[in-house]
Amino acid sequence: MLQSFREHLTGLPVKILLVILIGAFAVWGIGDVFRGGLGGDTVARVGNQEITANELRRAFERSFRDLQERTGGALDRRQAIQFGLMQQALQQLVAERLVAAHAADLGFVVPDSVLLEHIRGDPLFRAGDRFDRSRVALVARSQGMTEDQLLETIRADLVRQHLIRALTAPVAAPDVLARQLWLHANETRTGRLLVVLADAIEVSSPDDATLAAYLEAHKEDWQTAELRSLTLVQLRPADFADEIEVTEEQLRAEYDARMDEFREPERREVTQLLAPDRATAEDAAALVANGKSFADAAAELAERGVTSERLGAMRREQLPDELAEAVFALAPGGVSAPVESAFGWHLFELEAVLPERTRPFTAVREELARELRLRAAADQLPDLANMLEDAIAEGASLEAAGSRVGVPVRAIAAVTAQGRGADERPLADPVAPEILSVAFETPSGETSVVGETPDGGYFVVRVDGIEPAKTKPLTEIRERLAAAWTVAERRQRARRDAEALHARAVAGESLESLHAATQGSELRAVGPLRRDDPGTSAKLTPEAVELLFATPAGTVAERVVEALDGAGVLVTDTIERGEPPSDLGPLRERLASMLQGDLLDQYAGALRERYRPTVNETLLGSLMRVDEG
């Protein structure tokens, strides 16, 4: 509930700033940004702002519950930590503290009266049309906080919101800028392309000398992968899980602790009708109102770009905000008014409401038992890994060390860095990427240190031999090499022919006359295209579309363009610039957001320089290990 409150409270500029700050830490890496020197229960400090271990735990749990909901419970806590969720939660807290530290230096505070007024007006704390004091305690408990901690969290959110609004409120996009950007984005161009078709060019079969030269020039494309023979010892939780017993009490406690994970929010089964513009959407709505089905209305307006499809059961968070509001306001059988999104204009018909439900204990019992066994097995593995490491340190062979801890030793005759065998097929028993990464960094004849896998397991690998990458022999790849040479030769000749045609077109000959005199050529219309069009309708590349928009009307492009099926000469014929709509408000808002983002980027950089975060790496490491268990 607190998360939804904070999303409601925090405006777009605040979100932009936090993303910038967090993104900086993600790029730099936590080791480059944070330094040690803290003690006690303080896991990080920004200026004089502290982040405690309990606060980080709560932030992690909120992020973990959100992740569980978005992934359908696909990840457990250990995996979430291994994927960086704990560090991300810390980075989020640090980003918030950077703004809070600046606010404190400025003496910027939110008084109790403003905090109380905000809480009383927030729907989260209201029952009907009245403020409900008990809801404050309920939200606090749901987040593992005291009421005072909840209130201070809300106060801090309000401080950030008001400070950043003060920074970004004056930013606005001028009308002239919005107009010019609209004209730039909506300009359309037409042209013609005289293309020399590569497939129409006949080439003789290459002889061995030609193929040998081609292979030498492109040998990096025709090499075998480096192969390594390995001896591997693995300690995997799954190998020990069956030996572990879990009690009914443990299963019940786990179920109760993860109840939110097993709740499935309300879903709605909807059918969508999608139109390219408002007028078409309104015409479709009129047809539906007169008794047409969505499918029939779409078929009738198909030439205007209308489509219809059944979206199935959708959760609110699976839809953009504007669409979710429309869908979740409908009664069963109801049809929405046209609503716009980045994808076009939508009509929705609500077929059914699937209410919130909770998966019962009996349905998830086996899943919980498996996870508890794996978790318990993983807890045992560090001791076995230490035994394995000690045995190797004492001089035991990898085979003897594996025998000492009671696990089998696996011999792998040949494997590539991508996990394929000598026959270039994936191994029947795959080797994890992190093991292969270590194996291909370890010299021949040496044994790696004990490494850890994302599932909580451990491994040691010995490299027994290395077969270096080498160019494949011509006799083995002759047919494929000849086909590749033929394609390359045809495209090369097509480009040479196109260069000659381009020179004649620049000299004044028309594309039509050049086409009539050139066998194996095709003259095709291009456009109308916009700048963001990929050009596939005319078999152009995006670079060719870019050249179309760089060429004045009535002139030949400055160079030959690559087409998907050859090379050609491009002429820009017409340039159309429509009149911008009278209301450029939405575009000005988007531009203002971009300008605000630039301003906040500079602000974030200043905050990072002014308040250098520090972290207690030892405490952070212990928190991650405790939560993994």
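The values are calculated or read from the model by the stated rules, or taken from the named source; none is laboratory data. Model, not experiment: these values are computed from the prediction. A quick note on method: Cβ atoms are made from the backbone with ideal geometry, for glycine too, and the neighbour counts reach across all protein chains shown. Ligands, DNA and RNA are excluded from the accessible area calculation, which covers all protein heavy atoms including side chains. Shrake-Rupley method; radii C 1.70, N 1.55, O 1.52, S 1.80 Å.
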### Where residue 255 falls short, out of the listed (1) of a type in the set (Ser, Thr, Tyr); (2) more than 30 Å from residue 382 (Cβ to Cβ); (3) open to solvent by less than 60 Å² (accessible area, probe 1.4 Å); (4) in contact with a helix residue (DSSP H, G or I) (Cβ under 6 Å, 6 or more places away or on another chain)
(2)
### Selection within the range 409-420 - in contact (Cβ under 8 Å) with a residue 40 or more places away in the chain and either farther than 19 Å from residue 463 by Cβ or open to solvent by less than 80 Å² (accessible area, probe 1.4 Å) (or both)
409, 410, 412, 414, 415, 416, 417
### Task
Report, ordered by the first and then the second residue, all pairs with beta carbons closer than 7 Å, sequence separation of six or more or different chains, a first member in the range 105-132 that is farther than 12 Å from residue 158 by Cβ, and a second member that is charged (D, E, K, R) and in a loop (DSSP other than H, G, I, E, B).
125/132; 126/132
### Task
Specify the residue that is least open to solvent (accessible area, probe 1.4 Å); the eligible residues are those in the range 355-364 that are assigned to a loop (DSSP other than H, G, I, E, B) and charged (D, E, K, R).
359
## Note on the structure
Scanning the range 438-468 residue by residue, the ones that are among the small types (Gly, Ala, Ser) and exposed (fewer than 12 other Cβ atoms within 10 Å of the Cβ) total 2
### Message
Filter the range 292-308 down to the residues that are open to solvent by less than 70 Å² (accessible area, probe 1.4 Å), at negative phi, in a loop (DSSP other than H, G, I, E, B) and of a type outside the set (Ser, Thr, Tyr) and list them by number.
### Response
301, 306
### Task
Can you confirm whether the range 275-291 contains a residue that is in a strand (DSSP E or B) and touching a residue at least 24 places away in the same chain (Cβ under 8 Å)?
yes
### Query
Condition test on residue 496, is it loosely packed, with under 15 Cβ neighbours inside 10 Å and assigned to a helix (DSSP H, G or I)?
yes
### Query
Take the residues of the range 389-408 that are open to solvent by 20 Å² or more (accessible area, probe 1.4 Å) and hydrophobic (A, V, I, L, M, F, W, C): which is nearest to residue 459 (Cα to Cα)?
392
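For every residue, the table says whether it meets (1) at pLDDT 85 or above; (2) in contact with a Pro (Cβ under 9 Å, 6 or more places away or on another chain); (3) open to solvent by less than 60 Å² (accessible area, probe 1.4 Å); (4) in a loop (DSSP other than H, G, I, E, B).
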| position | (1), (2), (3), (4) |
| --- | --- |
| 331 | yes, no, no, yes |
| 345 | yes, yes, yes, no |
| 353 | yes, yes, yes, no |
| 366 | yes, no, no, no |
| 377 | no, yes, yes, no |
| 387 | yes, no, no, no |
### Message
Tally up the residues in the range 333-343 that are under 15 Å from residue 294 (Cα atoms) and assigned to a loop (DSSP other than H, G, I, E, B), please.
### Response
5
